[in-house]
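These notes concern the structure reproduced below.
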Amino acid sequence: MTGGALCAAPALLPAGAPAQAEPAPNARPAAPPAGPANPDDDHAGAQIARREGTGRSRGVPPPRVARTQGLDVSSHQGNVDWAAVVAKGAAFAYVKATEGTTYRNPFFAQQYNGSYQAGLIRGAYHFALPNVSDGVAQANFFVDHGGGWSPDGRTLPPALDIEYNPYGPICYGLSQRDMVGWIRAFSDQVHARTGRWPTIYTSTRWWSACTGNLGDFSDTNPLWLARYAADPGPMPFDWDFHTFWQYDDAGAFPGDQDSFNGSLDRLRALALG
């Protein structure tokens, strides 16, 4: 099953919606946003919220999400009360496992195993640092420390979190072509190790700026889109639709708020592979 084989048509930017300027590749903003609380641990969407804003900061109405609900967590959430999360209606969770080739989430076991034991479909994600080591090395570190997959129908494809650099220039000092090569190497190695193409977490603005739309991953890798707005907006190149949507950085669940673009049966099908 390929990433492009799941779910429905793309959600388009509403008519009259203002376009946002693309960030300059490998340029620091004039007033850089604050880094993460732990300098060795950023989490999915933290830099997107800082650099692209949230619906609340832009005065956008909250999204009306009717799809299958979930969340993503990292060490910033600590030990999670998974029974309470399930009671509020979550069906899935992505849990940060690793960053670069040195950082491991100290709460990973409680979050990853606990979500599974509570009945959620869960997966692991890796926060990429393309400037510190190559894609193969980071894929191996990720798979060796939680980023595996099993055909149990309860484990999502491993995920790559590739977004704004929290520690320096937004594109990590890589050219657009080199960034595409790094993502390809990571994706190919995860596939070789696990049999699954990793889900790619990103925002449309970052992807355009830092890959230059030079690489098409839409036929293999499911898209986990980050956009804090009332709708998903335009997709990164060349995905026709999102599989997951991180639509807010706060809400009913701990951590970030996500939805799956389909029914619970389709989520189980994705997990089963």
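The values are calculated or read from the model by the stated rules, or taken from the named source; none is laboratory data. All values reported here derive from a predicted model rather than from experimental measurement. Here Cβ is always computed from backbone atoms with ideal geometry, including for glycine, and neighbour counts include all displayed protein chains.
How about segment 224-263: which of its residues are touching a Cys at 6+ places or on another chain (Cβ under 9 Å), buried (at least 24 other Cβ atoms within 10 Å of the Cβ) and more than 16 Å from Ile121 (Cβ to Cβ)?
Selection gives His242 alone.
Being surrounded by 21 or more Cβ atoms within 10 Å (Cβ to Cβ) and at pLDDT 95 or above: is that true of Thr202 here?
yes
Suppose the filter is free of Cβ contacts under 8 Å to residues at least 60 places away in the same chain and at positive phi; does Gly135 pass it?
It is false that Gly135 is free of Cβ contacts under 8 Å to residues at least 60 places away in the same chain and at positive phi.
For segment 173-183, state whether one or more residues are farther than 26 Å from Ser75 by Cβ, in contact (Cβ under 8 Å) with a residue 24 or more places away in the chain and among the basic types (Lys, Arg).
The answer is yes, given that some residue of segment 173-183 is farther than 26 Å from Ser75 by Cβ, in contact (Cβ under 8 Å) with a residue 24 or more places away in the chain and among the basic types (Lys, Arg).
Would you confirm whether any residue within segment 186-195 is of a type in the set (A, V, I, L, M) and part of a helix (DSSP H, G or I)?
yes
Testing Leu156 on (1) surrounded by 24 or more Cβ atoms within 10 Å (Cβ to Cβ); (2) of a type in the set (A, V, I, L, M); (3) over 27 Å from Gln110 (Cα atoms), one condition comes back false. Which one is that?
(3)
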